[in-house]
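Below you'll find the structure, written out as structure tokens, and then a few comments.
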Amino acid sequence: MIEDAALGSVLRELGYQVSEGDVSSAVADEIIVASAYTSDLEVHLQRGGMLLLLADPTGLPDSHDTVALPVGYIALRADSVWQGDWANSIAWVKKQGPFAPLSGGPLLEMEWAKLIPDAVLAGLPSWVQRDHSWARLTVGWLHKSVSLLTVLPYGQGRILITTFKLYATTLANDAIAQALFAGMLKLF
């Protein structure tokens, strides 16, 4: 189930079965794809649902329904320690399991340029980063480590939060974006 019609159209073209509608009509084994975390989604997770949160802090809807994430928070990289405007940051993805087919090594290099996030998932406990993060970014001498992709159990369900730029245009035109998205779905 998806809230973004353009993204839904691209996913259909890529061969995914996509439905649109209200969160309350989602069935337990259906993965909801959203860009903002709301109280309806929180209830869905508590009841055993699955949520793929393509966190986009620059495009959050003006909604009083948006609630705090179950863990951590989304932080913009601009004007922060994670800005990385010079060679002081390193980002990588675990090249295991569903992400083993991704091209290149574990470090996110130029082929990832279109997907590199403008935001990070910060404030995670170290055990969450160690056990549940599949992509991370760190600055300096491995300081201020944050997640770019985390999957966690929450309530009776599971939530995958990513800040990678997996927009309709990127998914339509970028093979790495397509492989990353396919791998994320396998984490459920």
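The values are calculated or read from the model by the stated rules, or taken from the named source; none is laboratory data. Computed from a predicted model, the values in this text were never measured in an experiment. Glycine also receives a Cβ, built like all others from the backbone with ideal geometry; neighbour counts cover every protein chain displayed.
Before we move on, is V71 aliphatic (A, V, I, L, M), surrounded by 13 or more Cβ atoms within 10 Å (Cβ to Cβ) and either modelled with pLDDT under 80 or out of contact with any strand residue (DSSP E or B) (no Cβ under 7 Å at 6 or more places or on another chain) (or both)? So V71 does not fit the description; no. Note on region 93-109: residues that are out of contact with any helix residue (DSSP H, G or I) (no Cβ under 9 Å at 6 or more places or on another chain), assigned to a strand (DSSP E or B) and modelled with pLDDT of 95 or more total 0.
From the list V146, V120, V128, V139, pick out the single residue that is hydrophobic (A, V, I, L, M, F, W, C) and more than 26 Å from E42 (Cβ to Cβ). Show your work before the answer.
Numbers: V146 fails: more than 26 Å from E42 (Cβ to Cβ); V120 fails: more than 26 Å from E42 (Cβ to Cβ); V128 fails: more than 26 Å from E42 (Cβ to Cβ).
Answer to the selection: V139.
Residue count for region 143-152, restricted to those that are surrounded by fewer than 21 Cβ atoms within 10 Å (Cβ to Cβ) and touching a strand residue (DSSP E or B) at 6+ places or on another chain (Cβ under 8 Å): 4.
Residue count for region 112-125, restricted to those that are farther than 17 Å from F99 by Cβ and not in a strand (DSSP E or B): 6.
Taken over region 153-173, the residue count meeting the criterion of being of a type in the set (S, T, N, Q) and surrounded by 20 or more Cβ atoms within 10 Å (Cβ to Cβ) is 2.
Can you go through W82, W112 and tell me which one is in contact with a strand residue (DSSP E or B) (Cβ under 6 Å, 6 or more places away or on another chain), of a type outside the set (G, A, S), buried (at least 16 other Cβ atoms within 10 Å of the Cβ) and within 23 Å of S35 (Cα to Cα)?
On the way: W112 fails: in contact with a strand residue (DSSP E or B) (Cβ under 6 Å, 6 or more places away or on another chain).
Just one listed residue meets the conditions, W82.
Selection of region 1-44 for residues being assigned to a loop (DSSP other than H, G, I, E, B) and small (G, A, S) yields G15, S19, G21, A26, A28, S35, A36.
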